[in-house]
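Input: a single structure, listed below in structure tokens.
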Amino acid sequence: MTFAVGLETVLKTIDTALDMGFGEEGGEKVLKINSVVMKGVNDREIVDFVEMTRDKPIEVRFIEYMPFDVSQAPYIHTSSQ
């Protein structure tokens, strides 16, 4: 979810959002967490995220990590081009 520093703050913020009404059944405010899954970095945490949705009304979305080389991006032009 975050590096070791700041995890407690993130978890408290999630609880605060829930206390403010996010995630209420039938409500308009949905609490969504996006997680970028990276093999060998945080892929061991997938089950932890899923377990979190059992205890709290949270939607977790797993997003594929899409690395790219910025220097090869077609929309970037340098003065040498």
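The values are calculated or read from the model by the stated rules, or taken from the named source; none is laboratory data. Note that the structure is predicted; figures quoted are calculated from it, not measured. No Cβ is skipped: glycine too gets one built from the backbone with ideal geometry, and neighbour counts run over all protein chains shown.
Miscellaneous remarks
- Count - residues of the range 18-51 that are in a loop (DSSP other than H, G, I, E, B) and closer than 18 Å to L7 by Cβ: 3
- Taking first residues from the range 52-79 that are outside any strand (DSSP E or B) and modelled with pLDDT of 70 or more and partners that are surrounded by fewer than 10 Cβ atoms within 10 Å (Cβ to Cβ) and not basic (K, R), the Cβ contacts under 9 Å between residues at least 6 apart in sequence or on separate chains come to P57/E25.
- In the range 17-46, the residue that is surrounded by the fewest Cβ atoms within 10 Å (Cβ to Cβ) out of those that are out of contact with any strand residue (DSSP E or B) (no Cβ under 8 Å at 6 or more places or on another chain), closer than 13 Å to P57 by Cα and at pLDDT 90 or above is D19.
- The residue pairs whose first member lies in the range 29-42 and is without any contact (Cβ under 8 Å) to a residue 24 or more places away in the chain, whose second member is of a type in the set (G, A, S), and whose beta carbons are closer than 6 Å, counting only pairs six or more residues apart or on different chains, are K29/G21.
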